[in-house]
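Chemist: Questions regarding the structure given below will be posed in turn.
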Amino acid sequence: MATSATADIRAEFLVEPFVEGTPGHHVTMALEACRSHGLEPEMGPFATVIVGPADTVTAAVESMSQAALQHGATAVQVRLGESPATTRFGDLHDVLAQMVAAVEEQVGAPLAELSREQKQAAVRILDQRGAFLLRKAVESVGEMMGVSRITIYNYLNAIHNDDD
């Protein structure tokens, strides 16, 4: 993860031991340490999360860990990563292209070279993998197969009718 000091990152942390009911003193002190860095921790069922600039979050994690351990924590688990808001997913059609490449490898030929039956099988595989949930996927797969989007819809209808 190549993150600049100004990019937002996410830290998930878990402070042990667990105390039934309200958070233990060691957890309360860990939360206060985060707040002292201007971050508002969000407590979830499995971990607490802070999000902010990388330099602020890493400093807060260090302070939080020290505060928790100094006040009775037996362990502190931390996971750092890019904030979901800054994670780059790339073009969704890159995902479709990867799915198509996997199907082409599975069937042993490019989609355009497949027989009608093989194209139907490829559409079934792509459908099972969720490819057609992507916007414009029907049109894109149709172009790759050398058929119209109507043909792809007909294949999908036949597949879904067979599944009923």
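Chemist: When the convex hull of the Cα atoms of the chain is projected onto a plane and the area is averaged over all directions, what value comes out in nm²?
Modeler: 14.1
Chemist: Counting Lys and Arg as +1 and Asp and Glu as -1, what is the net charge of the other residues whose Cβ lies under 11 Å from the Cβ of GLU113?
Modeler: Surrounding charge for GLU113 is 0.
Chemist: Something else now. How much length is gained if the chain between LEU134 and ALA158 is pulled fully straight, taking 0.36 nm per residue apart and subtracting their Cα-Cα distance, in nm to one decimal?
Modeler: Working it through step by step, the gained length comes to 6.7 nm.
Chemist: Quick check: residue separation of ARG79 and ALA101 times 0.36 nm, minus the Cα distance between them. What number comes out in nm?
Modeler: Details: separation 22, 0.36 × 22 = 7.92 nm, distance 3.30 nm.
Full extension of this stretch gives 4.6 nm more.
Chemist: While we're on this one: With a cap of 11 neighbouring Cβ atoms within 10 Å, and only residues DSSP puts in a loop, list the GluC sites (Glu not before Pro) found in region 1-78.
Modeler: Those satisfying the criteria are GLU20.
Chemist: Restricting to Cα pairs below 8 Å that are 6+ residues apart, what does the relative contact order work out to for region 92-163? Please round to a whole percent. Numbers along the way, then the final one.
Modeler: On the way: 49 pairs, mean separation 22.3, N = 72.
Taking the mean separation of contacting Cα pairs over the length of region 92-163, I get 31 percent.
Chemist: Exactly which chymotrypsin sites (Phe, Trp or Tyr not before Pro) in region 1-82 are in a DSSP loop and have at most 11 other Cβ atoms within 10 Å?
Modeler: Details: sites: PHE13, PHE18, PHE46; in loops: PHE18, PHE46.
Answer in residue order: PHE18, PHE46.
Chemist: Output the peptides 137-145, 71-79 sorted from most to least packed, where packing is the average of other Cβ atoms within 10 Å over each peptide's residues. List each step's numbers first, then the result.
Modeler: Numbers: 137-145: 19.6, 71-79: 14.2.
By packing density, highest mean first, the sequence is 137-145, 71-79.
Chemist: With contacts defined as alpha carbon pairs under 8 Å and 6 or more residues apart, what's the relative contact order of region 8-82 in percent?
Modeler: RCO, region 8-82: 52 percent.
Chemist: Under the definition of Cα pairs under 8 Å and six or more residues apart, what whole-number percent is the relative contact order of the chain?
Modeler: Value for the chain: 23 percent.
None of the figures in this text is laboratory data; all of them are computed from the coordinates on show. These numbers were taken from a predicted model, which means no experiment stands behind them. With ideal geometry, Cβ positions are generated from the backbone for all residues, glycine too; neighbour counts draw on all protein chains shown.
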